[in-house]
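The values are calculated or read from the model by the stated rules, or taken from the named source; none is laboratory data. Owing to the predicted nature of the structure, the values given are computational and were not obtained by experimental measurement. Cβ coordinates were reconstructed from backbone atoms using ideal geometry, including for glycine residues, and neighbour counts include every protein chain displayed.
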Amino acid sequence: MEKKTDIKKILKTMKTSPFVLGCGMEPGVGQGLPVLTVRGGRLCLMVPYLKYKKTGKPDATLVYPIMYTVTVTLPESAPVSFEDLRFESAFRLVDFTKPIGTFRHDAIKKYTKDEYFAMKDELLELYGRTADMLLYGDEYSERDDRRMRELLRLLTEPSLKPIYAVLDRDFFEKYMEA
């Protein structure tokens, strides 16, 4: 089966996209794990952006709340929206200047850097397969679905999960909620 939706490539392209660069995000924010969502009847990829701050200690990189999201259509990755969550009423009580967790959280500390990145690559491939199933009716097994849930639950920083729940309740309940 030919791979149609390459999420890893889309994420890489977004890093230099004129739309994303023109959003005026704070310097130093990076991409978090994306969300598959439906906007206006179209399948989209919502990409969260947040700050990480190294402390110089192993497994103690500070993780800050998701601050922005950029949403693009799939598969063509045309921009749909930019949101600065600091100005959204659902996040009015969030202090975006304070860390809410650390990387690497307990569940992933046992994995090497190579193992972590292999799992992340596998997860991004599963995002693409899910998108291809929704867009083109491609095959997608229960095993694929189970593995995507397993990887999202493992790799997502636990302190970010409440924010993901607000960003897209359906995605959160299907893939992140235990």
| request: Could you tell me whether any residue of the stretch 147-158 is among the β-branched types (Val, Ile, Thr) and under 13 Å from the mean Cα position of the chain (by Cα)? | output: yes
| request: Find the helices (runs of 4 or more DSSP H) located wholly in the stretch 85-178 whose residues include 2 or more that are surrounded by 13 or more Cβ atoms within 10 Å (Cβ to Cβ) and basic (Lys, Arg), and list them. | output: 113-136, 142-155
| request: Pull up the stretch 73-84, narrow it to residues that are in contact with a Phe, Trp or Tyr (Cβ under 8 Å, 6 or more places away or on another chain) and closer than 17 Å to Asp168 by Cα, then point me to the one that is surrounded by the most Cβ atoms within 10 Å (Cβ to Cβ). | output: Glu83
| Among the residues listed as Thr61, Thr102, Thr55, the single one being touching a Lys or Arg at 6+ places or on another chain (Cβ under 8 Å), farther than 21 Å from Leu124 by Cα and at pLDDT below 95 | Thr61
| What number of residues in the stretch 118-128 are farther than 15 Å from Arg153 by Cα and either free of Cβ contacts under 8 Å to residues at least 40 places away in the same chain or of a type in the set (A, V, I, L, M) (or both)? | 1
| Every residue from the stretch 26-44 that is outside any strand (DSSP E or B) and surrounded by 16 or more Cβ atoms within 10 Å (Cβ to Cβ) | Gly32, Leu33, Pro34
| Flag for Met67 being more than 26 Å from Asp138 (Cβ to Cβ) and either in contact with a Gly (Cβ under 8 Å, 6 or more places away or on another chain) or not in a strand (DSSP E or B) (or both) | no
| remark: Of (1) of a type outside the set (Lys, Arg); (2) free of Cβ contacts under 8 Å to residues at least 12 places away in the same chain; (3) within 22 Å of Leu151 (Cα to Cα), Gly24 satisfies every one except (3)
| request: Output the residues belonging to the stretch 113-136 that are hydroxyl-bearing (Ser, Thr, Tyr) and under 17 Å from Pro75 (Cα atoms). | output: Tyr127, Thr130, Tyr136
| message | The conditions are (1) crowded, with 20+ Cβ neighbours inside 10 Å; (2) more than 15 Å from Lys15 (Cα to Cα); (3) in contact (Cβ under 8 Å) with a residue 60 or more places away in the chain, and Leu50 fails exactly one of them. Which is it? | response | (2)
| request: Could you please tell me which pairs satisfy a Cβ distance under 6 Å, a separation of 6+ or placement on different chains, a first residue in the stretch 6-18 that is touching a residue at least 40 places away in the same chain (Cβ under 8 Å), and a second residue that is in a loop (DSSP other than H, G, I, E, B) and polar (S, T, N, Q)? | output: Ile10/Ser77
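A quick yes/no check of all residues on (1) at pLDDT 95 or above; (2) in contact with a helix residue (DSSP H, G or I) (Cβ under 6 Å, 6 or more places away or on another chain); (3) within 24 Å of Lys53 (Cβ to Cβ); (4) of a type outside the set (S, T, N, Q):
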| site | (1), (2), (3), (4) |
| --- | --- |
| Val94 | yes, no, yes, yes |
| Thr112 | no, no, yes, no |
| Leu126 | yes, yes, no, yes |
| Arg169 | yes, no, no, yes |
| Lys174 | no, no, no, yes |
| Say we look at the stretch 1-16 and pick out the residues that are out of contact with any helix residue (DSSP H, G or I) (no Cβ under 7 Å at 6 or more places or on another chain) and surrounded by fewer than 16 Cβ atoms within 10 Å (Cβ to Cβ); which of these is farthest from Arg129 (Cα to Cα)? | Thr16
